[in-house]
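Engineer: Structure in structure tokens, see below.
Read-outs throughout are calculated quantities, based only on the coordinates presented, and are distinct from any laboratory measurement. Keep in mind it's a predicted model, so treat the numbers as computed, not measured. Using ideal geometry, Cβ is built from the backbone for each residue, glycine included, and neighbour counts are taken over all protein chains shown.
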């Protein structure tokens with residue numbers, strides 16, 4: 001993961017270069033390892049690098065051997081070994097997993113992103129045609145924004161974060177996931193077109209539990225591609241615990257199979273071993289003999305206790321961190337600056353993740369696996385229990401997946417990248433999504449009276465009770481632990497403290513007088529009002545707020561307005577709104 005900034009067809013690109021470098025510097029936290037830039041014609045591409053794969057030779061922007069094609073990328077391409085084999089005549093200059101994007105563009109033009117398995121945001125400049133092509137991964141795991149200026153309408157800007165564009169652009173959008181931009185047509189078109197995107201088509205395929213298990217295991221295996229120390233974020237909830245368990249198994253297996261004579265540091269006459277997945281689907285390299293896991297919470301938090309149990313069970317080297325309410329409150333301005341949002345749910349959950357990411361980076365880790373996406377795919381949030389029907393359950397699930405780039409993916413990406421830490425999310429693997437989003441929603445429904453709690457089929461897929469020959473993935477009390485949203489699990493007093501502080505900071509008079517420029521997007525709680533004021537102070541430009549999505553549970557299902565899981569009636573420690 002890295003940071004990118006690009007400007008296409010600038011009227012005086014040489015004069016603009018010093019400013020471009022300063023704008024790129026605003027996202028150096030995303031890529032503290034090295035900086036690069038290339039100017040061709042009237043276009044400049046810059047890059048702030050976080051080295052994960054191709055550490056010694058993957059500097060960016062990447063230039064083709066002929067010099068006509070320049071690429072700046074933020075992301076990881078898991079099938080890069082196979083893509084290299086597909087282009088034997090291309091003169092690769094590095095071991096970077098991103099370099100194959102250039103020959104893919106030469107071979108497939110704007111269809112190139114269809115052939116990439118990974119998460120990415122990239123901008124490619126074709127100097128021969130004076131053409132820009134930009135693309136974002138299917139779900140929007142990697143952040144990217146696109147902007148224009150009414151003063152210079154032919155100029156187009158791209159950046160990993162909003163803060164790079166607010167000086168020069170009066171029209172900014174969050175670049176839509178699964179889309180590609182082509183300057184020849186000046187259009188953004190969708191390349192990712194799975195059948196489940198149409199939420200009106202309710203699937204009828206019954207669940208196959210072993211397919212869920214094996215597809216998720218493969219997704220985790222892909223995401224262990226790295227040449228640097230890695231770990232897992234472990235909250236002790238179902239999702240992160242499953243990812244941690246699978247990752248521990250895969251790390252152990254990969255280290256047993258590792259052949260140091262084929263590594264990048266080997267003799268010159270040996271073929272370098274690239275980090276990735278081989279043709280048989282096996283993990284090619286791993287960096288530590290044991291998995292490291294990381295947890296955070298207020299002292300005595302339920303997540304800390306659960307994470308401890310999981311770490312002991314899977315044998316990970318566990319690192320437990322705590323924070324105080326005051327430390328969380330003190331970090332809010334920094335969190336909103338990095339997250340570029342005023343959404344209540346996102347800020348509540350991002351703050352502990354932001355604090356934990358700093359601790360992880362200080363311990364020498366550059367990449368972690370995380371559990372985002374499962375609740376959207378399986379309807380795991382407790383409010384899904386109020387769905388009136390299987391069809392409406394499915395529609396809500398699809399909508400939540402489509403909006404991940406404005407919610408949990410944004411949180412995971414920016415909370416970690418604020419400290420130069422990359423988060424990878426196996427649940428959002430496209431193959432896993434394709435299977436799980438086509439499962440009959442009747443199999444996903446929450447039915448407590450039948451013993452079917454939230455994410456029942458995911459839990460059952462990894463329940464080895466009837467498989468005596470299979471080592472259990474998790475302790476039963478974790479595998480069947482009720483959903484606890486991260487902002488709740490770090491300690492219930494975290495959200496209570498935020499709400500109490502907002503009550504003190506925002507007077508009744510202030511709350512009764514929303515700002516005129518908010519239009520119809522009026523905060524309905526003092527906490528939301530407080531965050532919006534903080535956002536406006538950091539991003540006063542009128543276009544900034546247009547990139548933010550505020551989320552509240554479905555009122556038409558009878559859900560409480562507060563997004564905390566504790567307000568769902570089936571929560572074990574339910575509280576009234």
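Engineer: Mind giving me the FRET efficiency for residue 524 and residue 395? R0 is 30 Å, r the Cβ-Cβ distance, nearest 0.05 is fine.
Structural biologist: Working: r = 24 Å, r/R0 = 0.80.
My answer for the efficiency is 0.80.
Engineer: Hey, could you grab the Kirkwood Rh for segment 28-125? Inverse mean 1/r over distinct alpha carbon pairs, Å, one decimal.
Structural biologist: Numbers: mean 1/r = 0.0739 Å⁻¹.
Its Kirkwood hydrodynamic radius stands at 13.5 Å.
Engineer: A follow-up question, please. State the extension gain, in nm to one decimal, for the chain segment bounded by residue 324 and residue 22, taking 0.36 nm per residue of separation less the distance between their alpha-carbons. Please report the intermediate quantities before stating the final value.
Structural biologist: On the way: separation 302, 0.36 × 302 = 108.72 nm, distance 3.47 nm.
Result: 105.3 nm gained on full extension.
Engineer: Which order, highest average first, do 41-51, 353-363 follow once you tally other Cβ atoms within 10 Å for each residue and take the mean per peptide? The partial results should precede the final answer.
Structural biologist: Values: 41-51: 23.2, 353-363: 19.8.
Order by mean packing, descending: 41-51, 353-363.
Engineer: Roughly speaking, what is the stretch gain from residue 85 to residue 536, that is 0.36 nm per residue apart minus the C-alpha to C-alpha distance, in nm to one decimal? Display every interim value, and only then the final one.
Structural biologist: Numbers: separation 451, 0.36 × 451 = 162.36 nm, distance 4.92 nm.
Difference between extended and current length: 157.4 nm.
Engineer: Could you give me D for segment 185-241, from Stokes-Einstein at 4 °C and 1.567 mPa s, where the hydrodynamic radius is the Kirkwood radius over C-alpha pairs? Units µm² s⁻¹, please.
Structural biologist: Values: Rh = 15.7 Å.
Approximately 82 µm²/s, per Stokes-Einstein.
Engineer: If I model a spin label at residue 496 and residue 130 as a point 7 Å from the Cα along the Cα→Cβ vector, what separation in nanometres do I get?
Structural biologist: Placing both labels 7 Å along Cα→Cβ, they lie 6.4 nm apart.
Engineer: Another one. In segment 198-239, which residues have a backbone nitrogen under 12 Å from the label point lying 7 Å from residue 466's Cα in the Cα-to-Cβ direction?
Structural biologist: 209-210
Engineer: Now for a separate question. Give, in whole angstrom and from largest to smallest, the semi-axes √(5λ) of the equivalent ellipsoid of segment 428-557, with λ running over the eigenvalues of the Cα gyration tensor. Mind showing how you got there, number by number?
Structural biologist: On the way: eigenvalues 344, 73, 43 Å².
Over the Cα atoms of segment 428-557, the ellipsoid semi-axes are 41, 19, 15 Å.
Engineer: Using the basic label-point model (7 angstrom from Cα toward the beta carbon), what is the residue 477 to residue 152 distance in nanometres?
Structural biologist: 6.2
Engineer: Could you work out the relative contact order of the chain, using alpha carbon pairs under 8 angstrom and six or more residues apart, expressed as a whole percent?
Structural biologist: Values: 1159 pairs, mean separation 84.3, N = 577.
Relative contact order for the chain comes out at 15 percent.
Engineer: Measuring from centroid to centroid over Cα atoms, what is the spacing of segment 342-396 and segment 535-552 in Å?
Structural biologist: What the calculation gives is 21 Å, centre to centre.
Engineer: Working out 0.36 nm times the residue gap between residue 440 and residue 510, then minus their Cα-Cα distance, what length gain in nm do you get to one decimal?
Structural biologist: Numbers: separation 70, 0.36 × 70 = 25.20 nm, distance 4.77 nm.
Going from the current span to full extension adds 20.4 nm.
Engineer: Measuring from centroid to centroid over Cα atoms, what is the spacing of segment 4-60 and segment 424-481 in Å?
Structural biologist: Here the two parts' Cα centres lie 42 Å apart.
Engineer: A follow-up question, please. Evaluate E = 1/(1 + (r/R0)^6) for residue 107 and residue 173, where r is the Cβ-Cβ distance and R0 equals 25 Å; express this FRET efficiency to the nearest 0.05. Working shown, then result.
Structural biologist: On the way: r = 29 Å, r/R0 = 1.16.
Efficiency for this residue pair is about 0.30.
Engineer: Turning to a different aspect of this structure: Using only the Cα atoms of segment 3-193, what do you get for the radius of gyration and for Dmax, in Å?
Structural biologist: Radius of gyration, then largest Cα-Cα span, for segment 3-193: 15.1, 45 Å.
Engineer: Taking only the alpha carbons of the chain, what extent do you get along each of the three principal axes, in Å, biggest first?
Structural biologist: For the chain, the Cα extents along the three principal axes come out at 65, 65, 46 Å.
Engineer: Which whole-number percent is the relative contact order of segment 3-193 (Cα, under 8 Å, 6+ apart)?
Structural biologist: On the way: 420 pairs, mean separation 39.1, N = 191.
Relative contact order comes out at 20 percent.
Engineer: Find how many whole Å separate the alpha carbon centroid of segment 321-338 from the alpha carbon centroid of segment 203-246.
Structural biologist: Answer, in whole Å: 29.
Engineer: If contacts are Cα pairs under 8 angstrom and at least 6 residues apart, what is the relative contact order of segment 443-556 in percent? Walk me through the intermediate numbers first.
Structural biologist: Working: 50 pairs, mean separation 14.7, N = 114.
Relative contact order, segment 443-556: 13 percent.
Engineer: Another question, then. Summarise the long-distance tail of P(r) for segment 1-83 by giving the % of C-alpha pairs beyond 17 Å.
Structural biologist: 48
Engineer: With each label point set 7 Å from Cα along the Cα-Cβ vector, what nm distance links residue 555 and residue 252?
Structural biologist: Result for the modelled spin labels: 5.1 nm.
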